[in-house]
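Trainee: Below are the structure tokens for one structure; questions will follow.
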Protein chains: 2
Amino acid sequence: VAEAAPSFVHLPDLAAGGDEIVLSGDEAHYVSRVVRARAGERLHATDGAGLTATLEVLAAGAETRVRVLARERHERAARLEIWCGVPEGDRADWLVEKLGELGVAALVPVDCARASWGRSVRHERWERLAIAAMRQSRSPWKLELAAARPLGDSLPALAPGGLRRLADPLGGAPDPDAWTSADGGTVVAVGPSSGFDASELKRLSEYGFTPVRLAQARLRTETAALAVGSLWAAACRPGPTRA
Amino acid sequence: VAEAAPSFVHLPDLAAGGDEIVLSGDEAHYVSRVVRARAGERLHATDGAGLTATLEVLAAGAETRVRVLARERHERAARLEIWCGVPEGDRADWLVEKLGELGVAALVPVDCARASWGRSVRHERWERLAIAAMRQSRSPWKLELAAARPLGDSLPALAPGGLRRLADPLGGAPDPDAWTSADGGTVVAVGPSSGFDASELKRLSEYGFTPVRLAQARLRTETAALAVGSLWAAACRPGPTRA
């Protein structure tokens, strides 16, 4: 059986769908026009939430229809959530792309005393970038993009356990192994370009966020978030791929 | 004495210049228009090669003139050079910005069997981005931007000693402490989006480049280079700042 050109289709409804699925919108376009798949060829797909599948193309063109040949559930070995203040300019776009590639679980835009996200949140554009990054890295997970919310609301909602870190040029050198935890995920807070204020730093500390220094120099918001993603990705070990 | 607004002036001739320097071009504009410094105020400056200085503004406007009050020589605690294949699109721009912020010593564009830099090298634009990153991070060093050169020419010219690593999704998990070396600097090779070919991988191996995996997923060229910069920056310890 021929494989269609390297491809990785995003099917959010893969878990719910039956054995035949009619594709629509971006994904129909991707399969018929970008991948140029033909009836009889195989494709790979994911729902972006840990479920992957092998598909057989039944029709590609006016209607694009596939049959699910096999589904496979993947478990995350580790989970990193980045709570991020607003960066300057349009730098959030590539932050989304890069965190997606690195396998970060979620980007949570946090509104801070000194800076709010406001119109810097571009959800539709970010979704497209996150899907493209997932395809590029052939990951079963799409970066989750939360709605912007105040830092103060996010703290009491934290799940217990896991690691909590604060990117801080005045913090200690990071222990390279201390980015993942068997006991829950990792949450790292990165301030906006103007930084967290004293009251926010105090609350983060009360909630167990310990300051770590990422580099000798002060980093921009998006650079700090990307450095965190890189350190975490390097510390992750492969997890189980079947369940 | 008043400090001018947070500022960090790039004076490439700081080492050669006498005690009074007349600024020109971008730096004169930066001091008089961006920082809006006035006569009598203090500024900080660097030559981008480890020499910093405290300056007194003598005149700002039609002519911008400063007096050097004190010079200070900084030694690099560690040096990272990234040999990078060409990334896709215009992604090299932000690679320059981010490697500059992280304190990477040099970006060396390498032409590979499967992809050459060609017109993707934008030296003037990159210089501006590297200077902006240096100012942002208040670093005494500007990212060095080498001319593009064939990988094959670069290998025999390598200085002896130090660490040599190859970013490779099939490599081993990186030892987090193995990014800096007391015995010379670190050189990391990152392939173009199409990858190094078999003959290049063989030569890199002969020259002691050991493959390390940066993340579970395959990363884009520029993401891999940035992950390397982040891992190295986190592993660096502060060095001496006076000599």
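Trainee: Under a cut-off of 27 Å between alpha-carbon atoms, report the lysines in cross-link reach of A:LYS98, not counting same-chain residues fewer than 8 places apart.
Mentor: Here the lysines satisfying the reach criterion relative to A:LYS98 are A:LYS142, B:LYS98, B:LYS142.
Trainee: Could you tell me the total accessible area buried at the B-A interface, probe 1.4 Å, in square angstrom to the nearest hundred?
Mentor: Between B and A, the summed buried area is about 2600 Å².
Trainee: From the gyration tensor of the Cα coordinates in region A:105-189, what semi-axes in whole Å does the equivalent ellipsoid have, largest first, with each one equal to sqrt(5λ)?
Mentor: Whole-Å semi-axes of the equivalent ellipsoid: 23, 20, 13.
Trainee: Hey, what does the equivalent ellipsoid look like for the protein assembly as shown, semi-axes from the Cα gyration tensor as sqrt of 5 times each eigenvalue, largest first, whole Å?
Mentor: 42, 27, 22
Trainee: Can you give me the Rg/Rh ratio for region A:1-61, using Cα atoms for both radii and the Kirkwood formula for Rh?
Mentor: Using only Cα positions, Rg/Rh for region A:1-61 is 0.92.
Trainee: Follow-up question, since we're still on this one. Please work out the average accessible area per residue across region A:29-89, using the 1.4 Å probe convention, and give it in Å².
Mentor: Ligands and nucleic acids excluded, the figure is 45 Å² per residue.
Trainee: If you don't mind, there's one more thing I want to ask. Plugging the Kirkwood radius over Cα pairs into Stokes-Einstein for region A:57-132, at a temperature of 20 °C and a viscosity of 1.002 mPa s, what D comes out in µm²/s?
Mentor: 141 µm²/s
Trainee: Now for a different question. Helix-only mean residue ellipticity at 222 nm, the protein assembly as shown, DSSP H runs n ≥ 4 weighted -39,500 (n - 2.57), per residue, nearest 500. What is it?
Mentor: About -7000 deg cm²/dmol.
Trainee: Treating only the Cβ of Lys, Arg, Asp and Glu as charged (+1, +1, -1, -1), what charge dipole size does region B:142-198 show about its Cα centre? Round to the nearest 20 debye.
Mentor: Around 160 debye, computed over region B:142-198.
Trainee: Kirkwood Rh over Cα pairs of region B:1-125 into Stokes-Einstein at 25 °C, 0.890 mPa s: D in µm²/s?
Mentor: For the chosen part, D equals 148 µm²/s.
Trainee: Right, another one. Where both residues lie in the protein assembly as shown, what percent of DSSP beta bridges are antiparallel, nearest 5?
Mentor: 45 percent
Trainee: In whole Å, what are the extents of region A:48-190 along the principal axes defined by its C-alpha atoms, from largest to smallest?
Mentor: That works out to 57, 37, 26 Å along the principal axes.
Trainee: Which semi-axis lengths, in whole Å and largest first, follow from the square roots of five times the eigenvalues of the Cα gyration tensor of region A:112-243?
Mentor: One finds semi-axes of 24, 20, 16 Å for region A:112-243.
Trainee: Residue-wise, which Karplus ³J(HN,Hα) couplings in Hz belong to region B:119-128, taking 6.51 cos²θ - 1.76 cosθ + 1.60, θ = phi - 60°, and x for glycine or proline?
Mentor: 7, 6, 7, 10, 4, 4, 5, 4, 4, 4
Trainee: Follow-up question, since we're still on this one. Please report, in whole Å³, the volume per residue of the convex hull around the C-alpha atoms of chain B.
Mentor: Normalising the Cα hull of chain B by residue number yields 133 Å³.
Trainee: List the residues of region A:112-157 that lose 50 Å² or more of accessible area once all protein chains are present, compared with their chain alone (1.4 Å probe, heavy atoms only, no ligands or nucleic acids).
Mentor: Checking the loss per residue gives A:GLN136.
Trainee: Mind telling me which of A:VAL34, A:VAL86, A:VAL66 comes out most flexible in a GNM of chain A, alpha-carbon contacts under 10 Å?
Mentor: A:VAL34
Trainee: Please give the per residue accessible area of region A:118-235, computed with a probe of 1.4 Å over protein heavy atoms only, in Å².
Mentor: Ligands and nucleic acids excluded, the figure is 43 Å² per residue.
Trainee: Taking chain B as a Gaussian network, Cα atoms linked when under 10 Å apart, which of B:ALA113, B:ALA217, B:ALA178 shows the biggest mean-square fluctuation?
Mentor: B:ALA217
Trainee: Most fluctuating residue of A:ILE21, A:ILE131, A:ILE82 in a GNM of chain A with Cα springs under 10 Å: which is it?
Mentor: Residue with maximal mean-square fluctuation among A:ILE21, A:ILE131, A:ILE82: A:ILE21.
Trainee: Give me the percent of accessible area attributable to carbon and sulfur for the protein assembly as shown, probe 1.4 angstrom.
Mentor: The computed percentage sits at 48.
The values are calculated or read from the model by the stated rules, or taken from the named source; none is laboratory data. These numbers come from a predicted model, not from an experiment. Every residue, glycine among them, receives a Cβ derived from its backbone with ideal geometry; neighbour counts consider all protein chains shown. Please note that ligands, DNA and RNA were not included when accessible areas were found on the heavy atoms of the full protein model with its side chains. Shrake-Rupley method; radii C 1.70, N 1.55, O 1.52, S 1.80 Å.
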